[in-house]
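Structure first, then comments.
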Amino acid sequence: MTAMAHEPLTQEEVLLEGFLALDTPEGFRAELIEGEIVVTPPPDGEHEKYISRIVRQVIKRSSTEMDFSGNKGLRLRSGEACPKNHVVPDVTLAPLERDLFGGADSWMPCDGVAMVLEVTSTKPKADREAKRRCYARGGIPLYLLVDRDAASVTLFSDPEKDDYRELCTRPFGKPLTLPAPFAFDLETTDFL
(Lines give C-alpha, C1' and ligand atoms only; values in the text may rest on other atoms or scores of the structure.)
Protein backbone atom coordinates (compact mmCIF):
# COMPACT_ATOMS: atom_id res chain seq x y z
CA MET A 1 0.00 0.00 0.00
CA THR A 2 1.32 3.42 -0.89
CA ALA A 3 0.80 6.45 1.24
CA MET A 4 -1.22 9.21 -0.42
CA ALA A 5 0.63 12.46 -0.78
CA HIS A 6 -1.19 15.34 0.84
CA GLU A 7 -1.41 18.44 -1.23
CA PRO A 8 -0.51 21.56 0.72
CA LEU A 9 -3.43 23.71 1.78
CA THR A 10 -3.99 26.93 -0.08
CA GLN A 11 -3.91 30.22 1.80
CA GLU A 12 -7.71 30.40 1.48
CA GLU A 13 -8.14 26.92 2.96
CA VAL A 14 -5.83 27.75 5.89
CA LEU A 15 -7.80 30.95 6.51
CA LEU A 16 -11.13 29.09 6.43
CA GLU A 17 -9.86 26.37 8.80
CA GLY A 18 -8.51 28.99 11.20
CA PHE A 19 -11.77 30.92 11.06
CA LEU A 20 -13.91 27.84 11.74
CA ALA A 21 -11.70 26.97 14.74
CA LEU A 22 -12.07 30.41 16.38
CA ASP A 23 -13.42 30.55 19.90
CA THR A 24 -14.80 34.08 20.30
CA PRO A 25 -15.75 35.51 23.69
CA GLU A 26 -19.41 35.27 24.65
CA GLY A 27 -21.54 37.88 22.90
CA PHE A 28 -18.92 38.61 20.23
CA ARG A 29 -19.39 37.41 16.70
CA ALA A 30 -16.80 36.37 14.16
CA GLU A 31 -17.33 36.46 10.41
CA LEU A 32 -15.20 35.67 7.38
CA ILE A 33 -15.93 38.47 4.92
CA GLU A 34 -14.07 38.65 1.61
CA GLY A 35 -10.97 36.97 3.03
CA GLU A 36 -10.88 38.97 6.27
CA ILE A 37 -11.81 37.70 9.73
CA VAL A 38 -14.02 40.34 11.35
CA VAL A 39 -14.90 40.16 15.06
CA THR A 40 -17.56 42.51 16.41
CA PRO A 41 -18.54 43.20 20.02
CA PRO A 42 -22.05 42.73 21.39
CA PRO A 43 -24.52 45.28 19.97
CA ASP A 44 -25.77 48.29 21.90
CA GLY A 45 -29.41 48.96 22.80
CA GLU A 46 -30.07 51.32 19.88
CA HIS A 47 -28.88 48.65 17.45
CA GLU A 48 -31.32 46.16 18.95
CA LYS A 49 -34.16 48.73 18.94
CA TYR A 50 -34.01 49.04 15.15
CA ILE A 51 -34.01 45.27 14.74
CA SER A 52 -36.97 44.86 17.07
CA ARG A 53 -39.00 47.55 15.28
CA ILE A 54 -38.40 45.96 11.87
CA VAL A 55 -38.98 42.34 12.89
CA ARG A 56 -42.27 43.24 14.61
CA GLN A 57 -43.51 44.92 11.42
CA VAL A 58 -42.41 42.00 9.24
CA ILE A 59 -44.21 39.47 11.43
CA LYS A 60 -47.42 41.54 11.65
CA ARG A 61 -47.61 43.02 8.15
CA SER A 62 -45.97 40.70 5.58
CA SER A 63 -48.20 39.17 2.95
CA THR A 64 -46.41 35.84 3.48
CA GLU A 65 -45.93 34.40 6.98
CA MET A 66 -42.26 34.91 7.82
CA ASP A 67 -39.80 33.12 10.05
CA PHE A 68 -36.67 34.85 11.29
CA SER A 69 -33.41 34.10 12.98
CA GLY A 70 -31.10 36.52 14.72
CA ASN A 71 -27.39 36.07 14.26
CA LYS A 72 -27.71 32.95 12.07
CA GLY A 73 -24.51 32.11 10.23
CA LEU A 74 -24.76 31.90 6.43
CA ARG A 75 -22.29 30.24 4.07
CA LEU A 76 -22.19 32.37 0.94
CA ARG A 77 -20.62 31.88 -2.45
CA SER A 78 -17.26 33.51 -2.89
CA GLY A 79 -15.77 35.89 -5.34
CA GLU A 80 -12.70 35.08 -7.40
CA ALA A 81 -10.12 36.12 -4.83
CA CYS A 82 -11.73 35.20 -1.52
CA PRO A 83 -12.59 32.00 0.31
CA LYS A 84 -16.09 30.93 1.17
CA ASN A 85 -17.70 33.81 3.03
CA HIS A 86 -19.22 33.04 6.42
CA VAL A 87 -21.42 36.01 7.28
CA VAL A 88 -23.77 36.55 10.21
CA PRO A 89 -26.62 38.95 9.41
CA ASP A 90 -28.34 40.70 12.29
CA VAL A 91 -31.57 39.08 11.06
CA THR A 92 -32.27 36.46 8.39
CA LEU A 93 -35.85 36.19 7.10
CA ALA A 94 -37.45 33.36 5.14
CA PRO A 95 -41.02 32.24 4.40
CA LEU A 96 -42.26 30.12 7.31
CA GLU A 97 -43.33 27.34 4.94
CA ARG A 98 -39.66 26.79 3.97
CA ASP A 99 -38.69 25.90 7.58
CA LEU A 100 -35.09 26.88 6.91
CA PHE A 101 -33.96 27.32 10.49
CA GLY A 102 -35.24 24.12 12.11
CA GLY A 103 -32.38 21.64 12.21
CA ALA A 104 -29.93 23.98 10.44
CA ASP A 105 -26.24 23.78 11.32
CA SER A 106 -24.36 26.73 12.79
CA TRP A 107 -23.51 27.78 9.23
CA MET A 108 -26.36 27.20 6.82
CA PRO A 109 -26.58 27.79 3.07
CA CYS A 110 -28.46 30.88 1.94
CA ASP A 111 -30.87 29.10 -0.44
CA GLY A 112 -34.45 30.11 0.38
CA VAL A 113 -33.55 33.24 2.37
CA ALA A 114 -35.90 36.09 1.39
CA MET A 115 -34.08 38.99 3.04
CA VAL A 116 -31.23 39.79 5.39
CA LEU A 117 -31.16 42.81 7.69
CA GLU A 118 -28.12 44.65 8.97
CA VAL A 119 -27.95 47.61 11.33
CA THR A 120 -24.64 49.46 11.20
CA SER A 121 -22.50 49.16 14.30
CA THR A 122 -18.78 49.41 15.03
CA LYS A 123 -17.72 48.53 11.46
CA PRO A 124 -20.30 50.29 9.25
CA LYS A 125 -18.15 50.05 6.11
CA ALA A 126 -18.40 46.24 6.24
CA ASP A 127 -22.21 46.46 6.32
CA ARG A 128 -22.34 49.07 3.55
CA GLU A 129 -19.88 47.42 1.17
CA ALA A 130 -18.34 43.99 1.85
CA LYS A 131 -21.44 42.34 3.31
CA ARG A 132 -23.59 43.83 0.55
CA ARG A 133 -21.35 42.20 -2.05
CA CYS A 134 -21.37 38.89 -0.16
CA TYR A 135 -25.17 38.82 0.03
CA ALA A 136 -25.46 39.66 -3.68
CA ARG A 137 -23.02 36.88 -4.61
CA GLY A 138 -25.11 34.55 -2.44
CA GLY A 139 -28.19 35.43 -4.47
CA ILE A 140 -30.13 36.75 -1.47
CA PRO A 141 -32.99 38.69 -3.14
CA LEU A 142 -33.24 41.55 -0.63
CA TYR A 143 -30.75 43.24 1.68
CA LEU A 144 -32.13 45.82 4.13
CA LEU A 145 -29.53 48.13 5.66
CA VAL A 146 -30.29 50.48 8.53
CA ASP A 147 -27.47 53.03 8.45
CA ARG A 148 -27.43 54.78 11.79
CA ASP A 149 -24.74 57.30 10.80
CA ALA A 150 -26.67 58.38 7.70
CA ALA A 151 -30.06 58.14 9.51
CA SER A 152 -31.43 56.16 6.57
CA VAL A 153 -32.78 52.78 5.51
CA THR A 154 -31.72 51.25 2.19
CA LEU A 155 -33.24 48.27 0.42
CA PHE A 156 -30.89 46.58 -2.05
CA SER A 157 -32.56 44.27 -4.59
CA ASP A 158 -31.97 42.44 -7.86
CA PRO A 159 -28.65 40.74 -7.07
CA GLU A 160 -26.31 40.08 -9.97
CA LYS A 161 -22.75 38.79 -9.59
CA ASP A 162 -21.00 40.92 -6.96
CA ASP A 163 -23.66 43.52 -6.22
CA TYR A 164 -27.29 44.54 -6.27
CA ARG A 165 -28.52 46.33 -9.35
CA GLU A 166 -31.22 48.34 -7.58
CA LEU A 167 -31.43 50.26 -4.34
CA CYS A 168 -33.93 52.51 -2.66
CA THR A 169 -32.90 54.75 0.25
CA ARG A 170 -35.26 56.61 2.56
CA PRO A 171 -34.35 58.88 5.47
CA PHE A 172 -35.57 57.89 8.91
CA GLY A 173 -39.16 59.05 9.23
CA LYS A 174 -40.16 58.12 5.67
CA PRO A 175 -41.69 54.74 4.74
CA LEU A 176 -39.79 52.25 2.60
CA THR A 177 -41.74 49.85 0.39
CA LEU A 178 -40.74 46.21 0.77
CA PRO A 179 -41.68 44.05 -2.24
CA ALA A 180 -43.18 40.53 -2.16
CA PRO A 181 -43.03 38.30 -0.25
CA PHE A 182 -43.28 41.12 2.30
CA ALA A 183 -45.46 43.56 0.33
CA PHE A 184 -45.86 46.41 2.81
CA ASP A 185 -44.44 49.84 3.59
CA LEU A 186 -41.88 49.66 6.39
CA GLU A 187 -42.53 52.55 8.79
CA THR A 188 -39.40 54.28 10.10
CA THR A 189 -40.91 57.17 12.07
CA ASP A 190 -39.93 55.63 15.40
CA PHE A 191 -36.30 55.37 14.22
CA LEU A 192 -35.96 59.14 14.77
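Based on what the data block shows, is residue 147 touching a strand residue (DSSP E or B) at 6+ places or on another chain (Cβ under 6 Å), among the charged types (D, E, K, R), at pLDDT 95 or above and under 26 Å from residue 187 (Cα atoms)?
Details: touching a strand residue (DSSP E or B) at 6+ places or on another chain (Cβ under 6 Å): no; among the charged types (D, E, K, R): yes; at pLDDT 95 or above: yes; under 26 Å from residue 187 (Cα atoms): yes.
In short, no.
Within segment 33-62, being over 22 Å from residue 102 (Cα atoms) and either part of a loop (DSSP other than H, G, I, E, B) or of a type in the set (Asp, Glu) (or both) holds for 34, 35, 36, 41, 42, 43, 44, 46, 48.
Please determine whether any residue of segment 33-55 is surrounded by fewer than 16 Cβ atoms within 10 Å (Cβ to Cβ) and β-branched (Val, Ile, Thr).
First, the residues of segment 33-55 that are surrounded by fewer than 16 Cβ atoms within 10 Å (Cβ to Cβ): 36-37, 39, 41-42, 44-46, 48-49, 52.
Adding the requirement that they be β-branched (Val, Ile, Thr) leaves 37, 39.
Yes.
Here the condition is being farther than 30 Å from residue 183 by Cα, part of a strand (DSSP E or B) and at pLDDT below 90; of 30, 81, it holds for 30 alone. Does residue 106 meet the test of being farther than 14 Å from residue 181 by Cβ, of a type in the set (Ser, Thr, Tyr), touching a residue at least 40 places away in the same chain (Cβ under 8 Å) and surrounded by fewer than 18 Cβ atoms within 10 Å (Cβ to Cβ)? When the stated conditions are applied, residue 106 does not pass them.
The values are calculated or read from the model by the stated rules, or taken from the named source; none is laboratory data. None of the values given here were measured: they were computed from a predicted structure. FYI the Cβ positions are ideal-geometry reconstructions off the backbone, even for glycines, and counts take in every protein chain you see.
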